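Report on one structure; see the data block that follows.
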Amino acid sequence: MPTSLRDTLTRLPKVELHVHLEGTMLADTLSELARKNGVTPPAPLDEMYRYANLSGFLDVFWFVQSVLQTREDWAMLAYESVLQAASNGVIYREVFFTPARHLRSGMSLADIVAGVDDGMSAGERETGSETRMIYDIDRDFGPSVADEQLEMLLELRRRAAHGIDRVIGIGMDSTERGVDPSVFAPAYRAAKAAGLHRTGHQGEDSPAWAIEIALDVLGCERIDHGISVLEDAALVARLVDEQIPLTVCPTANVVINPDKCVSLDAHAYPAMRAAGLLATLNTDDPALVGLSLGAEYTNVANAYGYGLSTMVQIAHDGVTATWADDDDKRRMHAVIDEVSAELLHAG
Ligand SMILES: [Zn+2]
């Protein structure tokens, strides 16, 4: 019996580098945590994951964040997230969490990190799918809150708090428009000095110069989204030459912000790949978008006519773009080679 493309691409070993932990919360878990914590939803719970545009999506995202109130809540979310990823052939992820609102309302970062670590450890033991965390700055809160809250993270590192080794880098998300990324330079300098990796959401809703600032002023090692790079041929040439990774999320862009990106056909992803950019493939907020990484690989293969060998190359590019050490990268490349050879043979 022929295997479907979706089955094949789900089984293909993959990594994921642009996925928000809060955006992996299943609708049932959202209902359960909202009831447990007495949080009143702004709409009927079974309609919560329906929204028309970016501002509707952000309302949902903030509601999802609001139901996470204890270490155990974060642990439950993190555990379920690993299981979903593993069932999609994900062997390794670097996952964002954005705790600014929780820290503002008095929750301790130590509890959040410990809870996420508890859940991820349990998920890893069960599935073998590994996860690291990226602490995301919420740009909406401004640079002084970013500095203050990052110091909490660095303090956890100094005292070797439970789970802190799992946090290997920082990023920043939320509003891009009208924000000069260079105001976050002090936080990025402090993160670099502490030995943390750096990335940042840029170029989804901001021009190419904002990507350049993220690289040159913030010292970002990769860029999340990065679509507007195509506006600047010299910047494209530089990113190709230096193989600076871009973590791209085509279907999420279409679902979350249809005003800006009307369809996969209109998305820049194939142009980015054709230009030689190290453009990886990711889901961003899979539960909120009704997506999985297996489905995203299938969407992209179908939309752009990519064959299995191209999809295997995209999986390898994901590994190249990780912050894993060289031995782990070699191991992951070998797993992809081995399984993809079986899949090509079966096909
Ligand atoms: Zn994102």
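The values are calculated or read from the model by the stated rules, or taken from the named source; none is laboratory data. From a predicted model like this one, the values you see are computed outputs, not experimental measurements. A quick note on method: Cβ atoms are made from the backbone with ideal geometry, for glycine too, and the neighbour counts reach across all protein chains shown. For accessibility, only protein heavy atoms count, side chains too; no ligands or nucleic acids. Shrake-Rupley method; radii C 1.70, N 1.55, O 1.52, S 1.80 Å.
Brief remarks on what is shown
- Residue 278 meets the conditions (1) touching a strand residue (DSSP E or B) at 6+ places or on another chain (Cβ under 7 Å); (2) under 20 Å from residue 301 (Cβ atoms); (3) of a type outside the set (S, T, N, Q); (4) within 16 Å of the ligand (Cβ to nearest atom) in every case but one. The failed one is (4).
Here's the yes/no breakdown for (1) surrounded by fewer than 16 Cβ atoms within 10 Å (Cβ to Cβ); (2) of a type in the set (A, V, I, L, M); (3) within 14 Å of the ligand (Cβ to nearest atom); (4) more than 26 Å from residue 165 (Cβ to Cβ):
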residue: 194; (1), (2), (3), (4): yes, yes, no, no
residue: 197; (1), (2), (3), (4): no, no, no, no
residue: 216; (1), (2), (3), (4): yes, no, no, yes
residue: 229; (1), (2), (3), (4): no, yes, no, yes
residue: 233; (1), (2), (3), (4): yes, yes, no, yes
residue: 243; (1), (2), (3), (4): yes, no, no, yes
residue: 256; (1), (2), (3), (4): no, yes, yes, yes
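- The number of residues in the stretch 283-328 that are surrounded by fewer than 24 Cβ atoms within 10 Å (Cβ to Cβ), touching a residue at least 40 places away in the same chain (Cβ under 8 Å) and part of a loop (DSSP other than H, G, I, E, B) comes to 6.
- Some residue of the stretch 24-44 being in contact (Cβ under 8 Å) with a residue 24 or more places away in the chain and within 16 Å of the ligand (Cβ to nearest atom): yes
- When 139, 104, 71, 159 are screened for being within 16 Å of the ligand (Cβ to nearest atom) and either within 25 Å of residue 282 (Cβ to Cβ) or charged (D, E, K, R) (or both), only 139 passes.
- Residue 213 β-branched (Val, Ile, Thr) and touching a strand residue (DSSP E or B) at 6+ places or on another chain (Cβ under 7 Å): no
- Candidates 292, 340 - the one that is more than 19 Å from the chain's Cα centre (by Cα) and at pLDDT 95 or above: 340
- Residue 106 being more than 16 Å from the chain's Cα centre (by Cα), within 23 Å of residue 166 (Cα to Cα) and without any contact (Cβ under 8 Å) to a residue 24 or more places away in the chain: yes
- Restricting 188, 135 to those that are in a helix (DSSP H, G or I), in contact with a Gly (Cβ under 8 Å, 6 or more places away or on another chain) and among the hydroxyl-bearing types (Ser, Thr, Tyr) reduces the list to 188.
- Failed condition for residue 346, given (1) surrounded by fewer than 17 Cβ atoms within 10 Å (Cβ to Cβ); (2) under 22 Å from the mean Cα position of the chain (by Cα); (3) not aromatic (Phe, Trp, Tyr): (2)
- Verdict on residue 261 being without any contact (Cβ under 8 Å) to a residue 24 or more places away in the chain and open to solvent by less than 40 Å² (accessible area, probe 1.4 Å): yes
- The stretch 144-178 - residue that is open to solvent by 40 Å² or more (accessible area, probe 1.4 Å) and modelled with pLDDT under 95 and, of those, farthest from residue 224 (Cα to Cα): 178
- Filter result for residue 206 (surrounded by fewer than 24 Cβ atoms within 10 Å (Cβ to Cβ), in a loop (DSSP other than H, G, I, E, B) and within 16 Å of the ligand (Cβ to nearest atom)): yes
- Among the candidates 208, 187, 214, the residue that is in contact with a helix residue (DSSP H, G or I) (Cβ under 6 Å, 6 or more places away or on another chain) and more than 27 Å from residue 156 (Cα to Cα) is uniquely 208.
- Counting only residues that are without any contact (Cβ under 8 Å) to a residue 24 or more places away in the chain and either polar (S, T, N, Q) or over 26 Å from residue 71 (Cβ atoms) (or both), the stretch 163-188 holds 1 of them.
- Within the stretch 115-134, the set of residues being surrounded by fewer than 19 Cβ atoms within 10 Å (Cβ to Cβ) and more than 16 Å from residue 335 (Cβ to Cβ) comprises 121, 122, 125, 126.
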